[in-house]
Amino acid sequence: MQLVSAFSPPQTVPAVPAAAPKTNLWILNSWRDLILYVGTPLLLIPMFALAQARWSAQDIYVFVAAFGAMGHHLPGMIRAYGDRALFERFRWRFIFAPIFLVAVCIAFTWWGLKGIILAVFFWGVWHGMMQTYGFCRIYDAKLGSFAPLTRRLDLATCAVWFATAVLLSSERMTDTLETYYASGGPYIAPWFLHGAQQVMLFGAITVSVLFIVNFSWMWARGKRPNPVKLALLVTSIGFWWFCNNGVTNILAGIALFEVFHDVQYLSLVWIYNRNRVEKDSSIGGFMRFIFRRSGSLVGLYIGLVFAYGALGYFNERLQVDTIKRALTGVVAASGLLHFYYDGFIWKVRERSTRESLGLTGGVEAAGAKTFMPSWLLHGFKWVAIFVIPLGALWIGQTRGPAPEAERNGWVVADLPTGATQRFDYAGSLAKAGRHDEAIQQYQIGLGFDPNDGTAHYSLATLLLSKSKVDEAAGHIEQSLRLDPHNGEFRSNYAYLLESLGRKNEAVGHYEAATRLSPKSAKVRYNYAMFLAREGKLDQAIVEFQEAVRNKPDYADAECDLATALYQKGDLESAKTHFLETVRLDPKRATAYNNLGTVYFRQGHISQAITQFNEALRVQPQFQAAVQNLQRASEEASRLQAGGSTPP
C-alpha cells in the first residue's frame, strides 16, 4: 500500500471511478412485474380450472365481461374527465364522441342490427393488441431504447400474431362469420378465406424472424432492447393464442384473456395516475382524492371499478326488453369509448406520459405536417374505419340477409372443420323443417366434439321425431351422462321411456326434471302432456299453467291448456286460452277450430262459423274444420227457420 503524507512529494491520485447508474429492467420490480404483467397467465390458468369446476363457462364469462371488461373502462374515463390539462387538449373529442357513440350503439341494439357487434369485436382485438405493444414500448423505454425499426417491428409482431390467432380460430371465426352474414354481408368464398389464413400465418412467421434478427443485431451493437419485453411478448401472444385456439369453450378463453388484460391495465393506470397526481399540482378534485398514495384507496379504486361493471351485470339479468336494448347500447358505447380514448391518452412516445410512468429519454412526438387540419384528418379516419363499414352493415341487414339456414351453410363451407358451426347449421336446418339434413350435420359435429351434451340432446329430439327410438336412446342417455343435472335432458329421456312403454320409469324422470328445472317451461309442458295422456287432467292443468307462467308467449302450452280446460267442461277459461293461442300463433288452424267448437257449445253460432272459416283459411284441407263448419251452418239455418238451440 502506498502512503501519502503532508511531507510527501506532490502526486496525482486517481479519482475513484463513479458508479454507473444501475439499470432497471422493470416497471415496478421483478416479482410484481412477473405477477401483474409478464407471468400472469401462469397464475390464471389453474385459477380458471378451479373456477370451472364450480361454475359454467357461461357464468364465468358473464361475470368477467361485466365486472372486468366493462368495469376497467372507468379508470380511463376518470382520467379523461378528471385531468384538466388532458380535457382541455382534447375537449371536443371528449364532448362529442360519447354523444355520437351512445346514439349509434342504442340505435343498432334497439333495432337488432348486428353490425355494432362486429365493430366492438374488431376494435376490442385491436385494443388488446395495442396494450401488449404499449407494454413493449414501456419496457424498452426503461433501457432508453427508442429505435424506430424496433418500434415498428414490435407493432408488426403484436398485430400479425393477434390477427392470425383469431383468423385461425374455428370458434372465433364461426361467431364472426355468423354475425357478418346476419348483418347482410356478402358470401366469402372458402378459397379466399383459406388463402387469407395461409398468408397471415406466413406473415406472422416472417415478421417474427425479422423481429429476432433485429433484436439480436441491436443486442450485438450494445443498444439492447429490454429482455423482459421478449418474455412479455412470448407470454402475451402465447396466452392469446391459447385463449382463442387451445381452450375447449371459447367463452372461457375470452374470459381468461380479459382478466389478464384487466390486471395489466388497472395496475398500470393506478401507477400512472398516482404519479400524475403527485407531480402535477393542477390535478384536483376526485382524481386527486382517489389516486393518493394510500393502501385503503386501492380498495376503493377496485370497488369503483366493480360498481361501474355492475351496470353490465345488471344488463345481463334484465328482463324488460325495451330497457335491455337501450342499456345494451350504452354498454357497447362504453366499450367503444374506452377503446377510442385509450388510443390517444396513454401514448408512451409523449414526454408527459413517460414522466408519469417514471421513464426517461426519447423525444416528444412532434406533430406531423399534413395537408389538412388535424381535426379534419381525424374525422376522415372515423369515416373510413367506422362510419362507412357500419353504415354498409346497417344497409345490408335492413335490406334483408339470406335465410338463417343458408347463412349457416356458408359458414360451414368456409370453416368445414369444427363442431360449433355444424351444430348451428343443424339447428337452423331443423327450424326450417329439413330434419334429415339436420341429423347429418349433428352427426358430423359430434365427430369433432363428442362431449357436447346439448348436441346429443338435440339430435335425440330429431331422431324421436323420425320415430328412430333406439338410435335416439343412445344420444339422450349420453346427454344425461354428460350433464346429469339438466332438467330438459331428463324430461326428454322420460318421453323416450314413455315411448318405449316404460311409463313407471318415465314418471320418476318427469318428476325429477321438474325438480331440477322448475322454471323451465319446456319441462313443465312435457310433464303436463304426459299427465294429460294419462287422463290426469287436474294435475295436467296445473303443469300447463306453470309452463305458461314461466313463458307467457308459449303458444303450444296455451293451446293444450285450453284443450284440457275444454275437456274438463270449463268453456269460458278454455275460450280465453284459445284466444291467446291464436294471438300468439295466427297460423294455428287447430286453435281456430277448437275455439269455434267452444263458441258452438256456448250457442254463439255466428262466432263459431267465423272461427271455422279462419281455420280453413289457414289450412284449406282441414277436414275437422270442414265438418264443423257444415254442422254450424246447418244449425244457423235451422235457427233462422225458427228451431230451438240444441243443448
Determine, yes or no, whether Leu463 is crowded, with 22+ Cβ neighbours inside 10 Å, outside the structural domain of Pro416 (by TED's automatic domain parsing) and either modelled with pLDDT of 90 or more or on the phi > 0 side of the Ramachandran plot (or both).
yes
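Out of all the residues in segment 211-229, which are among the aliphatic types (A, V, I, L, M), surrounded by fewer than 15 Cβ atoms within 10 Å (Cβ to Cβ) and under 38 Å from the mean Cα position of the chain (by Cα)?
Keep residues of segment 211-229 that are among the aliphatic types (A, V, I, L, M), which gives 212-213, 218, 220, 228.
Keeping just the survivors that are surrounded by fewer than 15 Cβ atoms within 10 Å (Cβ to Cβ) gives 212-213, 220.
Passing the criteria: only Ile212.
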Every residue from segment 365-385 that is modelled with pLDDT of 75 or more and in a loop (DSSP other than H, G, I, E, B)
Pro373
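Considering only helices (runs of 4 or more DSSP H) fully contained in segment 536-641, which possess at least 1 residues that are within 22 Å of Lys522 (Cα to Cα)?
Details: elements: 537-550, 555-567, 571-584, 589-601, 605-618, 623-640.
Filter on segment 536-641 gives 537-550, 555-567, 571-584, 589-601.
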So the check is Cβ under 9 Å with 6+ separation or different chains; which pairs have a first residue in segment 58-79 that's more than 14 Å from Phe314 (Cα to Cα) and assigned by TED's automatic domain parsing to the domain that holds Phe121 and a second one that's outside any helix (DSSP H, G or I) and aromatic (Phe, Trp, Tyr)?
Gly76/Trp346; Ile78/Phe291; Arg79/Trp346
Hits in segment 534-568 - residues which are crowded, with 21+ Cβ neighbours inside 10 Å and more than 21 Å from Tyr495 (Cα to Cα):
Ala562, Leu565
Give all pairs with beta carbons closer than 8 Å in which a residue from segment 210-229 that is not assigned by TED's automatic domain parsing to the domain that holds Lys142 meets a residue that is buried (at least 17 other Cβ atoms within 10 Å of the Cβ) and assigned to a helix (DSSP H, G or I); count only pairs at least 6 apart in sequence or on separate chains.
none
When (1) surrounded by fewer than 17 Cβ atoms within 10 Å (Cβ to Cβ); (2) modelled with pLDDT under 90; (3) in a helix (DSSP H, G or I) are applied to Leu496, the one that fails is (1)
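Hey, can you tell me all the residues within segment 219-252 that are part of a helix (DSSP H, G or I) and of a type in the set (Lys, Arg)?
If we filter segment 219-252 for residues that are part of a helix (DSSP H, G or I), which is where we start, we get 219-220, 227-246, 250-252.
Scanning segment 219-252 gives a single hit, Lys229.
Among the residues of segment 499-524 satisfying the criterion of being among the β-branched types (Val, Ile, Thr) and within 17 Å of Ile476 (Cα to Cα), which is surrounded by the fewest Cβ atoms within 10 Å (Cβ to Cβ)? Break it down stepwise before answering.
Filtering segment 499-524 for residues among the β-branched types (Val, Ile, Thr) gives 507, 514, 523.
Still in the running and within 17 Å of Ile476 (Cα to Cα): 507, 523.
Details: Val507: 17, Val523: 29.
Looking at residues that are among the β-branched types (Val, Ile, Thr) and within 17 Å of Ile476 (Cα to Cα), I get Val507.
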Segment 404-432, residues that are closer than 16 Å to Leu459 by Cβ and small (Gly, Ala, Ser)
Ala419, Ala426, Gly427, Ser428, Ala430
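Determine, yes or no, whether Met200 is assigned to a helix (DSSP H, G or I), farther than 28 Å from Phe344 by Cβ and touching a Leu at 6+ places or on another chain (Cβ under 9 Å). Can you show your working first?
Values: assigned to a helix (DSSP H, G or I): yes; farther than 28 Å from Phe344 by Cβ: no; touching a Leu at 6+ places or on another chain (Cβ under 9 Å): yes.
The answer is no for Met200.
Conditions tested, residue by residue: (1) modelled with pLDDT of 90 or more; (2) under 36 Å from the mean Cα position of the chain (by Cα); (3) aliphatic (A, V, I, L, M).
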site	(1), (2), (3)
Val469	no, no, yes
Gly474	yes, yes, no
Leu482	yes, yes, yes
Ser491	yes, yes, no
Gly508	yes, no, no
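Could we say that Ala591 is in contact with a Cys (Cβ under 9 Å, 6 or more places away or on another chain) and in contact (Cβ under 8 Å) with a residue 12 or more places away in the chain here? So that I can check it myself, show each step before the final result.
Details: in contact with a Cys (Cβ under 9 Å, 6 or more places away or on another chain): yes; in contact (Cβ under 8 Å) with a residue 12 or more places away in the chain: yes.
It is true that Ala591 is in contact with a Cys (Cβ under 9 Å, 6 or more places away or on another chain) and in contact (Cβ under 8 Å) with a residue 12 or more places away in the chain.
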On the basis of being assigned to a helix (DSSP H, G or I), in the same structural domain as Leu230 (by TED's automatic domain parsing) and closer than 30 Å to Val412 by Cα, does Ala156 make the cut?
no
Can you name every residue in segment 270-299 that is of a type outside the set (Gly, Ala, Ser) and part of a loop (DSSP other than H, G, I, E, B)?
Asp280, Ile283, Phe291, Arg292, Arg293
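Within segment 274-333, which residues are polar (S, T, N, Q), surrounded by fewer than 14 Cβ atoms within 10 Å (Cβ to Cβ) and at pLDDT 80 or above?
Taking segment 274-333 and keeping what is polar (S, T, N, Q), we get 275, 281-282, 294, 296, 315, 319, 322, 328.
Add one more test, that the residue is surrounded by fewer than 14 Cβ atoms within 10 Å (Cβ to Cβ), and what stays is 281-282, 294, 296, 319, 322.
If the condition is that a residue be polar (S, T, N, Q), surrounded by fewer than 14 Cβ atoms within 10 Å (Cβ to Cβ) and at pLDDT 80 or above, then Thr322 is the only one that fits.
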Identify all residues within segment 246-259 that are buried (at least 17 other Cβ atoms within 10 Å of the Cβ) and either closer than 17 Å to Ala165 by Cα or not assigned by TED's automatic domain parsing to the domain that holds Tyr133 (or both); write none if there are none.
Val247, Ile250, Leu251, Ala252, Gly253, Ile254, Ala255, Leu256, Phe257, Glu258
Filtering segment 429-451 for residues that are surrounded by 21 or more Cβ atoms within 10 Å (Cβ to Cβ) and either out of contact with any Leu (no Cβ under 8 Å at 6 or more places or on another chain) or closer than 16 Å to Glu488 by Cβ (or both) leaves a count of 3
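The values are calculated or read from the model by the stated rules, or taken from the named source; none is laboratory data. Bear in mind the structure is a predicted one, so any value in this text is a computation, not a measurement. Virtual Cβ from ideal backbone geometry, glycine too; neighbours counted across all protein chains shown.
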